[in-house]
Structures are given as C-alpha cells and as structure tokens.
1. Rounded to the nearest 500 deg cm²/dmol, what is the calculated helix-only ellipticity per residue at 222 nm for the chain, with -39500 (n - 2.57) per DSSP H run of length n ≥ 4?
2. Under a 5 Å amide H to amide H cut-off, with H placed in plane at 1.01 Å, what residues pair with Leu97 once short-range neighbours are removed?
3. Starting from one equal scatterer on each C-alpha and no solvent at all, send me the Debye-based log10 I(q)/I(0) for the range 73-127 at q = 0.12, 0.25, 0.28, 0.30 Å⁻¹, two decimals.
4. Quick one: with all protein chains in place, what share of the accessible area of the chain is carbon or sulfur, to the nearest percent (1.4 Å probe)?
5. Among Asp91, Asp115, Asp23, which one shows the biggest mean-square fluctuation in a GNM of the chain, springs joining Cα atoms closer than 10 Å?
6. What is the gain in length, in nm to one decimal, between Glu180 and Val136 on full extension, counting 0.36 nm per residue of separation less the C-alpha to C-alpha distance?
7. Apply the Karplus parameterisation 6.51 cos²θ - 1.76 cosθ + 1.60, with θ equal to phi minus 60°, to every residue of the range 189-204 and state each ³J(HN,Hα) to the nearest whole Hz, in sequence, with x for glycine and proline.
8. Relative contact order for the range 27-174: what is it in percent, counting Cα pairs under 8 Å that are at least 6 residues apart?
Amino acid sequence: MRPLYADYMLSMPRGAAIIYPKDSAQILMWGDIFPGARVLEAGVGSGGLTTALLRAVGPEGAVHSIERREDFATVAKENVDTFFGVAEGEDHPWWDLTIGDFQDVAPTLGESAVDRVVLDMLAPWECVEAAGDVLVSGGVFLAYVATVTQLSRTAEALRDHGEFTEPDAWECFVRPWHLEGLAVRPEHRMNAHTGFLITARRTAHGTRALTRVTRPAPGSRDEEELNHPDNEGFGGGTGEWTAQDVGERGVAPRKIKRALRDIRQGRDR
C-alpha cells in the first residue's frame, strides 16, 4: 500500500526535527487551514508540517515557506516532492520556498497578503510585528514552541502588539491503547509533551483589540521583574536565542547528507 501521510511523516528521512502528527492535526484545526487559504510558514524543518499544509489548502490555495538554513530547505523540498510525486527538477505548483529570515521576507509580500501565519522557530515573538502586517484582518497567527519561556514571550509580544486577540495556548497528549482479547489497557508508553501551540487572531488593521479584564496574581505583571536582564525569556534579556537554549541538539552535516541519500534512494524504489 502507498503510505498514509502519518506513515510517511514518521518514517521519512530528516535532518531537522519534525512536527509530529498529533500536533500537525491540531495546527490544521485550530489554525483553521482551509482549502484555498494563503499560508505563510516559517521554519520548514524537514517538510513534515509543510506537507500537511499543502494537502489542506489544495490547488486553489498557496503555501509560502521561509527557512533560514539552506541545508534544511533542501531536505524539506525533497521530502515534499517525493510525497506529492513531483518530478525531479520541477517545483510543487502551489508551494514557494524562500531562504531567509521571516522579518526580511514577510514585508516583501505586501500588507494583508496571507490568511494564516504558522511559525515553528526559536523566537517567534520577534516575528509578531511582521506577521501582523502581512496577515489579513481576522487572520490567524499560530506558533509552535518547545518551552514555557518561549510561550510566555510570544504571548506577551502578541499582547504588546495591540492588534491581536487574547492568545490561547495548550499542549496535546496522545495515549495509545493495547488491544488484545480481554487485555484492553493503556500502553505503557505514550506520546506526551512535544511542544506548545499558541494562537491569536488579527483584528482589523488599525483597530485595537479588546483587552481582557484580569485579576493577576501578585507580581505576575511586575514591570521591574519582567524586564530584569537576568529574567531571560519572560521579557528581560536581549540576547539571540540558539537551539542549545531550548535543549535542541545540533544537526551534523553528515546527517543532512544521509537524509538526502535516503530520500533519493526511496524515490528510485
């Protein structure tokens, strides 16, 4: 049988880590990725989520992916092309892939150029301003982050922007079950934490979002504490984040070469 999307995602050769099916499914639903949507994606990785986005928007839609690392982009393109059966040397008809930084590429698309923005990167809060400009009124901003500090900074950046609705955040756990006769029970292992998802909607351009009236815990919004330089991740600090800051292992060049070799051998089979 031809592999299903979930089969392909879990077994495809990869350099960068992928967003797994349980999170891809959440992104398609809560990001409201619909047929014909114009989606701007940043952090293409190995192409797992890109494949899901392309299937969801269909030929009437478009996905524009931005990736900073050319080696990751090469692996992603080959994985996507293999899944969709794109001939070697040709491009997927409703997918554009750009090498560069989100803050540099997004403004070139023009104001209100996309319906959805999906970010999988180390510092999505740095892209909130550019995402706000490129999103249509009512468009959805969605970010996938690995740590609580990333989650907090992204939420505060959305609030500080002023033209996004109050952000929602959650994580998803999947627990498989063992099925054998009367021995029906949960599996001993489960897919627990992989990352957090955070979403917000763009208000009409030039219109301030309604703010939620809250009674925060004492000190939760203390400006001096939030902006203290030692409090990196919650408002303080100006250093550039690296993969090591969130516990990600570096990807060796030989792993990229091995992934490309495996993809191409698979296409030949």
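1. -9500 deg cm²/dmol
2. Ser65
3. -0.38, -1.12, -1.19, -1.25
4. Working: 7720 of 14950 Å².
Roughly 52 percent of what the probe reaches on the chain is carbon or sulfur.
5. Asp91
6. 10.8 nm
7. With coefficients 6.51, -1.76 and 1.60, one gets 10, 9, 7, 8, 5, 10, x, 9, 10, 9, 10, 7, 10, 6, 6, 4 Hz.
8. Relative contact order, the range 27-174: 22 percent.
The values are calculated or read from the model by the stated rules, or taken from the named source; none is laboratory data. Bear in mind the structure is a predicted one, so any value in this text is a computation, not a measurement. Here Cβ is always computed from backbone atoms with ideal geometry, including for glycine, and neighbour counts include all displayed protein chains. To get the accessible areas, we keep the full protein, side chains included, count just its heavy atoms, and leave off ligands, DNA and RNA. Shrake-Rupley method; radii C 1.70, N 1.55, O 1.52, S 1.80 Å.
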